[in-house]
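Structure record follows, encoded as structure tokens.
The values are calculated or read from the model by the stated rules, or taken from the named source; none is laboratory data. Computed from a predicted structure; not experimentally measured. Backbone-built Cβ (ideal geometry, glycine too); neighbour counts: all protein chains shown.
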Amino acid sequence: MAHAEAGSIIASLESRPLKNTIVLFDVDGTLTPARRSASPEMLQLLSALRHKCAIGFVGGSDLAKQQEQLGTPSLNVTTLFDFCFAENGLTAYRMGVPLASSSFIEWIGEEPYKKLVNWTLRYFSELDLPIKRGTFMEFRNGMVNISPVGRNASNKERAEFEAYDKEHQVRTTMIKKMKEAFPELALTYSIGGMISFDVFPTGWDKTYCLKHVEEEKARSGTEYTTIHFFGDKAFEGGNDWEIYKDSRTIGHAIKNPEDTMAELKKLFDL
């Protein structure tokens, strides 16, 4: 029922009651438990909010992963949100239609990228952790995602690594050493989720999606003067920090999806 409501006929962006307001959400830990699906309650609430104003998500993962977490086999995630900003907006959809995209490999070049990969794999070969699984580097359109424990870790193993990382600062230490190894590359290193960190060109953090939001004025005449952002990694070094503290947004630092729902109900009288 929740998905049916979420995908129901929706008013055009310019005819919403709060037409100059857009609410943007991080995905993992904000709309969904990390790497899991959104609850029916969350989807119902987002549907209700969408009848009042524009909504969008902005996540570091690719669209396929966001489809797994927010959509269903019969409902495409691009029909459930007005704006879908995968990979921080480097892959973007507006009302189900793709917008212009950018590419990390075009920006960095093949040779510097190979050096980055070789350095990372060499570092991992000498890194001692309680466990290691698979997919330590994941190449994406707008970034590379690096995971010391491996993205194939189970949910239980992810939680164990997160606790280990808090004590031993595995990701923080690796980022420090990468910065020292590649001072000539204008890269940003951002910790997100339980097991990994993202590496991308400076400026290609979650604030990148705001350019698409600002372009709406030229596209349809709608100017978003109020931009809310909800994220659970809204601390320095976290991958929600830049957009959370951006002067164009009203940032909401939340702890989990339940926190998000409580804040939305209070803010928008849902």
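Identify the single condition in (1) of a type outside the set (Val, Ile, Thr); (2) over 16 Å from residue 187 (Cβ atoms); (3) exposed (fewer than 14 other Cβ atoms within 10 Å of the Cβ) that residue 139 does not satisfy, given that it satisfies every other one.
(2)
Could you please find all residues in segment 43-68 being without any contact (Cβ under 8 Å) to a residue 60 or more places away in the chain and part of a strand (DSSP E or B)?
Residues satisfying the conditions are 55, 57.
Among the residues of segment 224-231, is there at least one that is in a helix (DSSP H, G or I), touching an Asp or Glu at 6+ places or on another chain (Cβ under 8 Å) and more than 27 Å from residue 132 (Cα to Cα)? Reasoning before the result, please.
Just the residues of segment 224-231 that are in a helix (DSSP H, G or I), to begin with: none.
For segment 224-231, residues in a helix (DSSP H, G or I), touching an Asp or Glu at 6+ places or on another chain (Cβ under 8 Å) and more than 27 Å from residue 132 (Cα to Cα): absent.
Within segment 159-188, can you find the residues that are over 21 Å from the mean Cα position of the chain (by Cα) and among the aliphatic types (A, V, I, L, M)?
163, 170, 174, 178, 181, 185
Which numbered condition trips up residue 48, out of (1) modelled with pLDDT of 95 or more; (2) under 21 Å from residue 213 (Cβ atoms); (3) not charged (D, E, K, R)?
Failed condition: (2).
Scan segment 24-42 residue by residue and report those that are assigned to a helix (DSSP H, G or I) and over 18 Å from residue 58 (Cβ atoms). If you could, list the steps in order and put the result at the bottom.
Residues of segment 24-42 that are assigned to a helix (DSSP H, G or I), as a first pass: 40-42.
Passing the criteria: 40, 41.
Look at segment 169-209 and say how many of its residues are on the phi > 0 side of the Ramachandran plot and touching a residue at least 12 places away in the same chain (Cβ under 8 Å). Talk me through it step by step, then tell me what you get.
Filtering segment 169-209 down to residues on the phi > 0 side of the Ramachandran plot leaves 169, 193, 203.
Next cut, touching a residue at least 12 places away in the same chain (Cβ under 8 Å) only: 193, 203.
The qualifying residues number 2.
Would you point out the residue of segment 83-117, among those that are acidic (Asp, Glu) and out of contact with any Leu (no Cβ under 9 Å at 6 or more places or on another chain), that is farthest from residue 27 (Cα to Cα)? Show your work before the answer.
Residues of segment 83-117 that are acidic (Asp, Glu), as a first pass: 87, 106, 110-111.
From what's left, out of contact with any Leu (no Cβ under 9 Å at 6 or more places or on another chain): 106, 110-111.
Details: 106: 27, 110: 30, 111: 33 Å.
The selected residue is 111.
Are any residues in segment 233-255 closer than 18 Å to residue 49 by Cβ and part of a loop (DSSP other than H, G, I, E, B), and if so, which ones? I'd like the intermediate steps shown before the answer.
First, pick out the residues of segment 233-255 that are closer than 18 Å to residue 49 by Cβ: 249-252, 254.
Listed by number, the residues that qualify are 249, 254.
Please pick out the residue among 246, 232 that is assigned by TED's automatic domain parsing to the domain that holds residue 91 and closer than 27 Å to residue 154 by Cβ. Step through it out loud before you land on a result.
Working: 246 fails: closer than 27 Å to residue 154 by Cβ.
Selected residue: 232, the only one of 246, 232 that is assigned by TED's automatic domain parsing to the domain that holds residue 91 and closer than 27 Å to residue 154 by Cβ.
Does at least one position in segment 159-166 carry a residue that is over 28 Å from residue 37 (Cα atoms), basic (Lys, Arg), surrounded by fewer than 18 Cβ atoms within 10 Å (Cβ to Cβ) and out of contact with any Gly (no Cβ under 9 Å at 6 or more places or on another chain)?
Narrowing segment 159-166 to residues over 28 Å from residue 37 (Cα atoms): none.
No; the residues of segment 159-166 include none that is over 28 Å from residue 37 (Cα atoms), basic (Lys, Arg), surrounded by fewer than 18 Cβ atoms within 10 Å (Cβ to Cβ) and out of contact with any Gly (no Cβ under 9 Å at 6 or more places or on another chain).
Anything in segment 226-254 that is of a type in the set (D, E, K, R) and touching a residue at least 60 places away in the same chain (Cβ under 8 Å)? List them, or say none.
Residues of segment 226-254 that are of a type in the set (D, E, K, R), as a first pass: 232-233, 236, 240, 242, 245-246, 248.
Passing the criteria: 232, 233, 240.
Of everything in segment 218-262 that's modelled with pLDDT under 95 and of a type in the set (Lys, Arg), which residue is surrounded by the fewest Cβ atoms within 10 Å (Cβ to Cβ)?
So the residue we want is 219.
Just checking, which of 21, 32 is closer than 14 Å to residue 228 by Cβ and β-branched (Val, Ile, Thr)? Even if it seems obvious, please write down each step before you answer.
Working: 32 fails: closer than 14 Å to residue 228 by Cβ.
The match here is 21.
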